[in-house]
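The values are calculated or read from the model by the stated rules, or taken from the named source; none is laboratory data. Predicted model only: the values in this text are computed from it and were never measured. Virtual Cβ from ideal backbone geometry, glycine too; neighbours counted across all protein chains shown.
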Amino acid sequence: MSGIIFSIIPLRRVPPALSRLDYFLAEKQRIPEIGEVVDIPFGSKKIKGVVWKKLTSTALPSGKIKFFTPPNQPIKFSNYLLVLAEWISFNTLTPLNLVLMGMEIGSQNFNYRLDPVKPKPSLFLASDLETREALIKKWIQMISQETKPTLVLVPAYAYADFWIKYKIRNSIFLNSKLNKKEKAEAFSKLGQVKLIIATYSGLLYPLPKLGRVIIDQADDEGFFAFDQAPKIDIRAVAKETVYLHNAKLTILARWPSPTVLGFSPSKPYTILKAVKKPNIINRSLEDFKDKKELISQQIFNQLLPGRTFWLVFRRDEAGIYQCNDCKSPVTCPKCNLPLKVLQQGPPITLFCEKDKLRILAPEKCPNCQGVNFSLRRFGLKQYQKYLKNIFPEKKIAALDKNTVIEKDFLTAEHLIGTTAITNYPELRFENLVVINPETVLNSSEYRNEEAVINSIISVAQHLTGKSEFFIQTNNPGLSIAEKFTDLLNASEKMLEERKAFNYPPFGLLIVLNCNSKDKSLPPIPIEVENQLATKFEVIKSPDQWIIKGPVENKNWILKLLQENLDPSWLPVINPPY
């Protein structure tokens, strides 16, 4: 007696050892297609699974045998989604069953390229919302005349507004908030639409053959989907989609960030609107006399009539040790960035995230020789209270998507907030004040400068034509200020630094964290560790490994880790930190 064995992926969360199971096809049953969804016995229950591979015909073993029976009216994943799922799984070291669980079942097949040709992307730079809106209006007219559909990928729902505003009749918006009825309607239109607007979840639909993919706001931090599974840069998935469809790739960004340039867009870039250059308010040059105010008087003197947005970085709420007399923070002797309080003591220990330097708090202020110190913590509420004292008759409000959303923020003359403002593209301001960005730069993240510039520019796009733009800093050597004079040159230099240190996109960065309850990492087999050491730099600590090396060895190391990692290891590939 013989039977046909199929490898099947369970469509549910299971232990890694059970993420791919072998079953025999019941006798006299039709042979299912790859990607077909079938019912399989799993313990005492039946669950859904995806037919992955047909293995071989073999003699049936004695004892308990697991059979499955294909349904009469099968549903299946498209061949395109199966290829994309395998790519995502391999490049994130995420179990294939978890990737498939996030995809939409549908058999919209097309003849994708098995040997994809790398596209030559075109890059457009538009720093404000009005210029971007005009370009979108022009592109939609172009899309309506093309024969193949276009996919527009946006980092957040708010950025879909302009596309929806000018959308053509045959268009849909794919996102994770669609209910069952809306999903069914979207599926019915997929084969006829000319414009598909989508957040990340839209990439996991059975898309038709595309002619063009547009990545909108490509410099936005929202494309780093590292707060979900699988953890991945969504732009990389979009790029793989472009390859499979053999489509054109168009990139729209606010500035030529290192991450955007990592896509190797063709030159020259089309600069539709350059980023406005800020006025740098260097507080180290001010005469504070008896008291140093929270915000420089120079800024209040130069504000234009109208609305003002005060950009606060959340890390400014972290504890920074400062002098009560001159209000100067205690800085790192190596890099001159503010030190954070590591331990409140006694004795008080300070720490520099950039240089990994620990020092004891000084007895006297290096700036004024004062002996009174305090732990500075400034959040939205502290700035709001301060501005209310400055403008007692003005409406002041705060905006933060995590903690504070006040009802009158839409009409406030002075709005203190974070980049949550980008969720409201209709808002405009005559003034933008960036408060103390060095608090974010005081970190060891290889992307800290890019992340700060991204945040500032994402808010600066809300400025009107006649406006003022200020960056207040306590650090006279703040490099971020210089970079605004030539963002393209600054971005290219950042890429050169990353290349020298084997950071993405030139190098591969893998962080292995512990996923077990006791937070202790199981040992990696010594032979695997030795293999890693031949091609990669490995930095080990009790609860984390950091692996860095040339990107040319990416497939080799991913395969090695995929075959040997214990389930307690939680791998993160090329994290944005």
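Of note:
- The range 376-410, residues that are part of a loop (DSSP other than H, G, I, E, B) and at pLDDT below 90: Arg377, Phe378, Gly379, Lys401, Asn402, Thr403, Glu406
- Filtering the range 212-234 to residues that are in contact with a Leu (Cβ under 8 Å, 6 or more places away or on another chain) and part of a helix (DSSP H, G or I) leaves only Ile234.
- Against the numbered list (1) outside any loop (DSSP other than H, G, I, E, B); (2) more than 16 Å from the chain's Cα centre (by Cα); (3) modelled with pLDDT of 90 or more, Ile271 comes up short only at (3).
- Residue ID - surrounded by the fewest Cβ atoms within 10 Å (Cβ to Cβ), chosen from residues in the range 137-160 that are touching a residue at least 60 places away in the same chain (Cβ under 8 Å) and over 21 Å from Ala225 (Cβ atoms): Thr147
- Val511 under 25 Å from Val14 (Cα atoms), outside the structural domain of Ile232 (by TED's automatic domain parsing), of a type outside the set (Lys, Arg) and touching a Pro at 6+ places or on another chain (Cβ under 9 Å): yes
- In the range 98-120, the residues that are closer than 18 Å to Ile8 by Cα and part of a loop (DSSP other than H, G, I, E, B) never reach a residue that is of a type in the set (Asp, Glu) and at pLDDT 80 or above with C-beta atoms less than 8 angstrom apart, at least six apart or across chains.
- Listed conditions (1) farther than 30 Å from His414 by Cα; (2) at pLDDT 85 or above; (3) of a type in the set (Ser, Thr, Tyr) are all met by Thr349, apart from (2).
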